[in-house]
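Trainee: Before we start, here is the structure in question, set down as C-alpha cells.
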Amino acid sequence: MPQTPPESAVVLFNGTDLSNWTSQNGSEPGWKVEDGAMAVVPRAGDIITKETFTDHFLHLEFMTPDMPEATGQAKGNSGVFLQGRYEVQVLDSYGIEVPGMGDCGAIYNQFAPLVNACKPPREWQTYDVIFRAPRFNEAGEMVENVRITVLQNGLVILNNAQLPSTTGGSIDAEVATPGPLRLQDHGNDVRYRNIWVVPLPLEGSDKY
Ligand code: MG
C-alpha cells in the first residue's frame, strides 16, 4: 500500500494529474497518467517540478517494466534527479549480486548502492531520500559537499554519501541555488506514484 504523506508534505503527484510538473523547457509535460501512476512517454523528455527545493526529504514509488530481453542500461532505465542535478538511478537491477555505480539505487557513476534492495520488474518499490544541499562560506566557496541518504524498499542503500560533483546530465552548475525534482525519460516505460517532499530546515531549530 502507498505510504501516506505527512501534513507538512508538498504533494507533487497524488495519482490524478501533472499540474505540479513541466517539461524542462517549461512546456506541458508529455508524460501520461494511468491507473493512478505517471508513466514515462518515451522521447517526451524529462519532467521537473514547478517547485524547487533545498534540504528535503523525498518519498516516491516507482515500477520498472518487464524487459526480459534487455540488459544493462537498456533495462527499465529512468532516474530521480535531486535538485535536477544528482541522479539516483532507476533501473531493473533485480537479482544482480553486486550492484555497481550504474545500477538501481546508485548515485549515477559515483556511488554503488550498499546492497541490492531491488524488487522484480512490475512491482512497486519505494525510495525515501534525505537530501542535504551543499554549504558555502561567505566567499561563496563550497565548504561541504551535497549529502544524500537513500532507503530503497526500507533498506539503507546510501548512507550520507558525499558527492564530489553533480552527476551527468545535470540541469545546470548552479549548485548553490534550489532545484526541482526531475524524473528521467530514458526511453523506457517506467512508472511513478505517490510523490511528496518535506522541505527541511537548513539548521537545527527548536521550532519548526
Ligand atoms: Mg537513469
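Quick note: the coordinates plus some simple rules give every number you see, no bench work behind them. Since the structure is predicted, the reported quantities are computational estimates derived from the model, not experimental observations. No Cβ is skipped: glycine too gets one built from the backbone with ideal geometry, and neighbour counts run over all protein chains shown.
Trainee: Put +1 on the Cβ of every Lys and Arg and -1 on every Asp and Glu Cβ in region 10-199; which of GLY95, ALA117, ALA74 then has its Cα farthest towards the positive end of the dipole?
Mentor: ALA117
Trainee: Considering the convex hull of the alpha carbon atoms of region 146-208, report its projected area averaged over all viewing directions, in nm², one decimal.
Mentor: About 6.6 nm², averaged over all directions.
Trainee: What whole-number value in cubic angstrom gives the convex hull volume per residue for the C-alpha atoms of region 70-168?
Mentor: Here the figure is 90 Å³ per residue.
Trainee: Sticking with this one: To check you understand DSSP bridge types, tell me what percent of the beta bridges within region 115-208 (both residues inside) are antiparallel, rounded to 5.
Mentor: 100 percent
Trainee: Could I ask something else about it? At R0 = 25 Å, how high is the FRET efficiency between ASN160 and ALA139 if r is their beta carbon distance? Nearest 0.05 is fine.
Mentor: Given R0 = 25 Å and the Cβ-Cβ separation, E is 0.45.
Trainee: Still on this structure, I have one more. Report the rotationally averaged projected area of the chain based on its alpha-carbon convex hull, in square nanometres. Could you put the intermediate results ahead of the total?
Mentor: Values: hull surface 47.2 nm².
Orientation-averaged projected area of the Cα hull: 11.8 nm².
Trainee: Then there's this: Starting from the 7 Å offset along Cα-to-Cβ, what nm value, one decimal, do you get for the label separation of GLN3 and ASP128?
Mentor: It works out to 0.4 nm between the two label points.
Trainee: Shifting gears a bit: Compute the distance in nm between two label points, each set 7 Å from the Cα along the Cα-to-Cβ direction, one at THR149 and one at SER27.
Mentor: For THR149 paired with SER27, the spin-label model returns 4.1 nm.
Trainee: On to the next question. Please give, to one decimal in nm, the separation of the simple spin-label points placed at ALA176 and LYS119, each 7 Å out from Cα toward the Cβ.
Mentor: Modelled inter-label distance: 4.3 nm.
Trainee: Can you tell me, using C-alpha contacts under 8 Å and at least 6 residues apart, the relative contact order of the chain as a whole percent? Please report the intermediate quantities before stating the final value.
Mentor: Working: 519 pairs, mean separation 65.4, N = 208.
Relative contact order for the chain comes out at 31 percent.
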